[in-house]
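J.: After the structure tokens below, expect a handful of questions from me.
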Amino acid sequence: MAMIIVPGLCMAFDQPGILNPAQVADSSIRRIALTFDDGPKPPFTEELIDELAEARVRATFFVVGRQAQKYPELVRELMAHGHEIANHSWDHPSVRTLSAAALKAELDKTRIFLKQLTGKDTPLFRAPGGTVEYLRHKVVVPEGYEMVMWTVHTLDHEKPSADLIRERVLTGARDGGVILFHTGVRSTMEALPGLIRTLRSEGYVFVTVSELLGGAPASLAPALVSPFRGFAHPSFS
């Protein structure tokens, strides 16, 4: 499966938690991306901003368009703290209900709104639905978009304990990993501080999805679907 490469990351950075050019080229660094779906949602988004700022971690937030429209100030605050904003559809419909055209319409509406709100465009999206939906239904990647999958799905939307979330992440963590969390889950908030400390102690550097793609670790391939006109690949873990 071809890998998605997002260019434009080899530049000097001085914000905390962002790789500099030497680090991007250093294959010994273990990179991992924390991602959060379904926001923005007060008060959880504000709490995430504070927690990640204290830990000096930048993440990628796959936002729902109607939520971004309702809470635009939270999207701007995420951007101000260096987090990446990506697309999670406008209304969060189930994948199984969508045609390719309907999915593209959902993504286009969100993409246009987010660009107007933030001044930045992104082709990156994560379709709503969940693991089973990706595997059972032929999710077509619309023209001009790149679908981001994951290497660890915490299943935190099922409201597991913080301990179980930690176990799932630490068991599945690897270089090039993409961890899927959901905004609005209290046990995720409880798990995050310890998870970040443990992953950092194990040598991980926290990056956004685009920066992870810029580093292009070989182990990332199973986490993503390339922008060909095809279907979600079933071989990811």
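J.: Being surrounded by fewer than 21 Cβ atoms within 10 Å (Cβ to Cβ), touching a residue at least 40 places away in the same chain (Cβ under 8 Å) and of a type outside the set (D, E, K, R) narrows it down to one of 72, 43, so name that one. Break it down into steps so the answer makes sense when it comes.
T.: Values: 43 fails: touching a residue at least 40 places away in the same chain (Cβ under 8 Å).
From the options 72, 43, the qualifying one is 72.
J.: Give segment 100-126 a look and list any residue that's on the phi > 0 side of the Ramachandran plot and among the polar types (S, T, N, Q), or say none.
T.: none
J.: Given (1) at pLDDT 50 or above; (2) assigned to a loop (DSSP other than H, G, I, E, B); (3) under 18 Å from residue 124 (Cα atoms), identify the lone condition not met by residue 184.
T.: (3)
J.: Here's something else I'd like to know. Considering segment 169-188 alone, what residues qualify as being surrounded by fewer than 19 Cβ atoms within 10 Å (Cβ to Cβ) and closer than 22 Å to residue 41 by Cβ? Lay out the reasoning, then the answer.
T.: Within segment 169-188, the subset surrounded by fewer than 19 Cβ atoms within 10 Å (Cβ to Cβ) is 170-174, 186-187.
If the condition is that a residue be surrounded by fewer than 19 Cβ atoms within 10 Å (Cβ to Cβ) and closer than 22 Å to residue 41 by Cβ, then 186, 187 are the ones that fit.
J.: I'm trying to understand the selection: among the residues of segment 14-47, which are modelled with pLDDT of 95 or more and over 14 Å from the mean Cα position of the chain (by Cα)?
T.: 41, 42, 43, 44, 45, 46, 47
J.: Please go through segment 53-86 and pick out each residue that is among the small types (Gly, Ala, Ser), over 19 Å from residue 32 (Cβ atoms) and touching a Lys or Arg at 6+ places or on another chain (Cβ under 9 Å).
T.: Within segment 53-86, the subset among the small types (Gly, Ala, Ser) is 53, 55, 59, 65, 68, 80, 82, 86.
Now narrow it down to the ones that are over 19 Å from residue 32 (Cβ atoms): 65, 68, 80.
Within segment 53-86, 65 is the sole residue that qualifies.
J.: Go through (1) over 23 Å from residue 67 (Cα atoms); (2) surrounded by fewer than 23 Cβ atoms within 10 Å (Cβ to Cβ); (3) free of Cβ contacts under 8 Å to residues at least 60 places away in the same chain for residue 191 and report which single condition fails.
T.: Evaluating residue 191 over (1) over 23 Å from residue 67 (Cα atoms); (2) surrounded by fewer than 23 Cβ atoms within 10 Å (Cβ to Cβ); (3) free of Cβ contacts under 8 Å to residues at least 60 places away in the same chain leaves (2) as the failure.
J.: Does residue 173 meet the test of being in contact (Cβ under 8 Å) with a residue 60 or more places away in the chain and more than 15 Å from residue 60 (Cβ to Cβ)? Spell out the reasoning first.
T.: Values: in contact (Cβ under 8 Å) with a residue 60 or more places away in the chain: yes; more than 15 Å from residue 60 (Cβ to Cβ): yes.
Yes; evaluated as a whole, the condition is true for this residue.
The values are calculated or read from the model by the stated rules, or taken from the named source; none is laboratory data. Remember, predicted model here, so these are calculated numbers, not experimental data. Glycine gets a Cβ as well: all are built from the backbone with ideal geometry, and neighbour counts include every protein chain shown.
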